[in-house]
Amino acid sequence: MIRGWGREGQAKLKSAAVVVAGIGGLGCPAALYLSAAGVGRIRLIDRDQVELNNLNRQILHWESDLGRQKAESAKEKLERLNSDVAIETIDATITDQNAMELMRGFDIVIDGMDNFQTRFVLNRACVSEGIPFIFGSIYGFEGFMTTIVPRKTPCLACIYGDVTPEIGKFPVVGTTPATIACLQVTEALKLILGIGAHYLGRLLFWDGEDMVFREIELQKKSDCPVCSR
Amino acid sequence: MQQVKGMVKVVVHVYANLAELFESKHIDISAPVATVRELINFISAAYNPQFKELLIDAKTGHVRRFHKILVNGRDIDFLNKLDTGIADGDDVSFFPPVAGG
């Protein structure tokens with residue numbers, strides 16, 4: 001028995017609502033474990049269709065799904081895994097205009113994006129709505145993760161500024177986003193259950209090539225354009 | 001053997017696209033440097049000039065936004081930025097931003 005979980009914890013999960021923003025390398029395993037854990041309501045947001053080069057890591061999308069909307073493809077598998085979970089799909093680009101509406105009423109947002117521009121949109125919406133945002137990003141064998149709790153921890157703009165860097169295509173080992181996504185979901189489950197110590201104010205770096213974790217200390221920026229207002 | 005004045009031995013770690021500039025992502029360096037800025041200049045001259053180009057904004061002379069540079073695990077943004085001191089035995093890490101997902 002896991003301390004603080006049990007029947008009561010399972011009921012908390014059942015009544016929880018989580019957004020998975022981006023149903024790619026991070027979002028697929030994240031949605032899979034959220035569903036398997038019994039999170040009651042999961043909103044999947046992705047504007048893209050499944051492509052062949054996605055399949056090494058986006059494990060909810062299979063060869064037979066090529067060309068399908070990613071959110072729909074994921075929903076079908078997740079409902080077969082756990083029919084008690086309400087899966088919602090949104091085939092849309094997340095923008096400053098729609099982000100707050102898309103996140104409102106949800107308990108947690110899990111970052112499954114592949115670009116900083118949309119991550120900053122999510123960060124602004126989550127800070128505005130007071131929703132915890134669990135950041136993840138990857139490159140090759142390497143990945144980052146942190147839990148952002150608005151007003152309590154540094155936000156994404158404190159960490160990286162609030163402008164878009166120019167980053168092109170990235171190589172990725174399929175297990176890297178899976179590793180980072182599992183860390184993100186672990187944080188999400190603990191936040192919902194109210195157990196354990198959350199990964200706050202620190203940026204976790206994982207290097208799968210050397211199989212090491214490193215920790216980067218973070219600080220709130222007093223002049224942060226997003227969370228210091 | 002007499003030590004050259006000002007020489008320090010440091011271990012440098014480079015990640016993501018920065019690692020592609022080098023044969024290994026962990027590099028042992030002996031160099032006459034006293035600050036992070038001097039270390040970056042040394043690495044660029046001795047190994048690959050692209051290193052500095054990727055890290056430093058030529059217009060402002062500052063570290064490009066999004067990059068994290070750590071000395072012994074501490075972010076130089078909260079120390080003395082590029083003027084943060086480097087001492088013998090230090091461990092210096094360069095993390096470019098990674099956006100994949």
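Structure summary
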{"quantity": "Matching residues, region A:132-184, being of a type in the set (Gly, Ala, Ser) and either within 25 Å of B:LYS25 (Cα to Cα) or more than 11 Å from chain B (Cβ to nearest Cβ) (or both)", "calculated": "A:GLY136, A:SER137, A:GLY140, A:GLY143, A:GLY168, A:GLY174, A:ALA178, A:ALA181"}
{"quantity": "Tally, over region A:182-229, of residues that are hydrophobic (A, V, I, L, M, F, W, C) and closer than 19 Å to A:CYS155 by Cα", "calculated": "14"}
{"quantity": "Which numbered condition B:SER30 fails, given (1) away from chain A (no Cβ under 13 Å); (2) buried (at least 20 other Cβ atoms within 10 Å of the Cβ); (3) among the small types (Gly, Ala, Ser)", "calculated": "(2)"}
{"quantity": "Members of region B:51-89 that are over 24 Å from A:PRO171 (Cβ atoms), touching a helix residue (DSSP H, G or I) at 6+ places or on another chain (Cβ under 7 Å) and assigned to a helix (DSSP H, G or I)", "calculated": "B:ILE76, B:LEU82, B:ASP83"}
{"quantity": "Residue among B:ALA16, B:ALA99 that is touching a helix residue (DSSP H, G or I) at 6+ places or on another chain (Cβ under 8 Å) and among the hydrophobic types (A, V, I, L, M, F, W, C)", "calculated": "B:ALA99"}
{"quantity": "Number of positions in region B:64-78 that are within 11 Å of chain A (Cβ to nearest Cβ) and either of a type outside the set (Lys, Arg) or in contact (Cβ under 8 Å) with a residue 24 or more places away in the chain (or both)", "calculated": "9"}
{"quantity": "Selection count, region B:68-89, where residues are of a type in the set (Asp, Glu) and exposed (fewer than 15 other Cβ atoms within 10 Å of the Cβ)", "calculated": "2"}
{"quantity": "Criterion: assigned to a loop (DSSP other than H, G, I, E, B), surrounded by 13 or more Cβ atoms within 10 Å (Cβ to Cβ) and within 14 Å of chain A (Cβ to nearest Cβ) - qualifying residue of B:VAL98, B:VAL92", "calculated": "B:VAL98"}
{"quantity": "Any hit, region A:204-222, residues being more than 21 Å from A:LEU13 (Cβ to Cβ), aromatic (Phe, Trp, Tyr), touching a helix residue (DSSP H, G or I) at 6+ places or on another chain (Cβ under 8 Å) and in contact (Cβ under 8 Å) with a residue 24 or more places away in the chain", "calculated": "yes"}
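Let's see how each residue does on (1) over 19 Å from B:PRO97 (Cα atoms); (2) of a type in the set (D, E, K, R):
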residue	(1), (2)
B:VAL11	yes, no
B:ASN17	no, no
B:ALA34	yes, no
B:GLY61	no, no
B:LYS68	no, yes
B:ILE76	no, no
B:LEU79	yes, no
B:GLY85	yes, no
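A short reminder: the numbers here are calculations on the coordinates, not readings from a lab. Small disclaimer: the values here were computed from a predicted structure and weren't measured. Every residue, glycine as well, gets a Cβ built from its backbone with ideal geometry; the counts of neighbours run over all protein chains shown.
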